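Below is one structure, written out as structure tokens; the observations come after it.
The values are calculated or read from the model by the stated rules, or taken from the named source; none is laboratory data. Nothing here was measured: the structure is a model prediction, and the numbers come from that model. Counting neighbours? That spans all protein chains shown, and the Cβs are built from the backbone with ideal geometry, glycine included. We work out accessible area using only protein heavy atoms, side chains counted, and drop any ligands, DNA or RNA first. Shrake-Rupley method; radii C 1.70, N 1.55, O 1.52, S 1.80 Å.
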Amino acid sequence: MNNLLLYCRPGFEKEAAAEITERASNMQCYGFARVKDDSGYVIFELYDEEQADLLARKLPFRELIFIRQMLVVTHELKDLDLSDRVSPIIEATRDYAICGDLRVETADTNEAKELSAFCRKFTVPLRQALRGNEILTKKETPHRPVFHAFFMANDHLLLGYSYSFNNSEFHMGIPRLRCPPDAPSRSSLKLEEAFYVFVPREEWELRLTSGMKAVDLGACPGGWTYQLVRRGMMVTAVDNGSMAQSLMDTGQVKHIRDDGFVWRPGKKNTYWLVCDMVDKPARVVHMIADWFRENDCQEAMFNLKLPMKKRYAEAVHNIEVLREMLKEIDNAFVIQAKQLYHDREEITVHVYNKFWVSKLSPKS
């Protein structure tokens, strides 16, 4: 079979399809996307079957915006005997290279919620069987391929694999986060998820550390400020609205009532700039570029609200505009963008300068 299976946010299948079609074509890998509205996944069928594995290895997963997970599909099993779903899976995958991890998953849709509970229960017997047949290592092994069983119904699934060096590390491509009870708003989870997705865990002590100066534009009531404060940062929250009193009581927040698009810091000591303001993407992009041009921040996390139509084209256009503006400042800027689980009609963009980040390391 050897197609690609791509997870995405339900309702954004067309964007995921447009993205994989364009990115694959740029690598001279050609095919077509099978899309079912609101399904939460896309299947990309390649004319050359060997190219599915090539894309899974060589197409940088971290550069994909609307795709949560990317894996090679090798088999489709239908009409399974509900009394024994394990045996057909074992038989179909005996020729697999031994895998280091197992993920039993389904789509992120309301219809699939019942399947999610089944997937959790089914993981244990399937893992035991895969290990017993030497398809899965005896212990979880990070540097081997990941075995995926993607259930579309309780008797219908896709089998495949992804590469641990080029996939999402999270089950179903979704970091599992709980909204802290003292957070001012659920939007807090957007920034927390962004940190998990974009900032390597081993660098948190350098890039998300106590004592850093941060600015939150459009801060009220403080969902994003909360994430900065809990990491010990000193935050300037810019918004004409009101901040949660619990944040003000920490002594780590200075609230400035002003327009986030206009205000600028008086000192050049801000490391993090974060922004979740609702406005046209072009205006936000130009503002972010100005902050870097004036050396007013060194790392930024912000959201771009997307229009109802041509969302993929709009996202790519604005990221490219930002890339060109930053090139005029320095060639060391890195831009990452993703539609996160906690995003809706938006994408989250992360910008940092490789040179500045390297200076944070004690070894530099």
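So the values come out like this:
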quantity: Test for Ala97: is it in a helix (DSSP H, G or I) and at pLDDT below 95; calculated: no
quantity: Hits in region 273-283 (condition: outside any loop (DSSP other than H, G, I, E, B) and surrounded by fewer than 22 Cβ atoms within 10 Å (Cβ to Cβ)); calculated: Ala282, Arg283
quantity: Close pairs from region 242-267: first more than 23 Å from Trp291 (Cβ to Cβ) and touching a residue at least 40 places away in the same chain (Cβ under 8 Å), partner surrounded by 14 or more Cβ atoms within 10 Å (Cβ to Cβ) and not polar (S, T, N, Q), Cβ under 6 Å, at least 6 apart; calculated: Ala244/Pro184; Ala244/Pro221; Ala244/Gly222
quantity: Failed item in (1) without any contact (Cβ under 8 Å) to a residue 60 or more places away in the chain; (2) crowded, with 20+ Cβ neighbours inside 10 Å; (3) among the aliphatic types (A, V, I, L, M), with Ile347 passing the rest; calculated: (1)
quantity: Tally of residues being farther than 13 Å from Phe151 by Cα and open to solvent by 80 Å² or more (accessible area, probe 1.4 Å) across region 95-116; calculated: 2
quantity: Hey, Asp290 under 21 Å from Ala219 (Cα atoms) and either open to solvent by 20 Å² or more (accessible area, probe 1.4 Å) or of a type in the set (Gly, Ala, Ser) (or both) or not; calculated: yes
quantity: Considering residues of region 63-94 that are part of a helix (DSSP H, G or I) and farther than 22 Å from Thr141 by Cβ only, the residue most open to solvent (accessible area, probe 1.4 Å); calculated: Glu91
quantity: Conditions (1) in contact (Cβ under 8 Å) with a residue 40 or more places away in the chain; (2) of a type in the set (A, V, I, L, M); (3) open to solvent by less than 20 Å² (accessible area, probe 1.4 Å); number of the one not met by Leu326; calculated: (1)
quantity: Residues of region 253-272 classified as within 20 Å of Leu191 (Cα to Cα) and surrounded by 14 or more Cβ atoms within 10 Å (Cβ to Cβ), total; calculated: 7
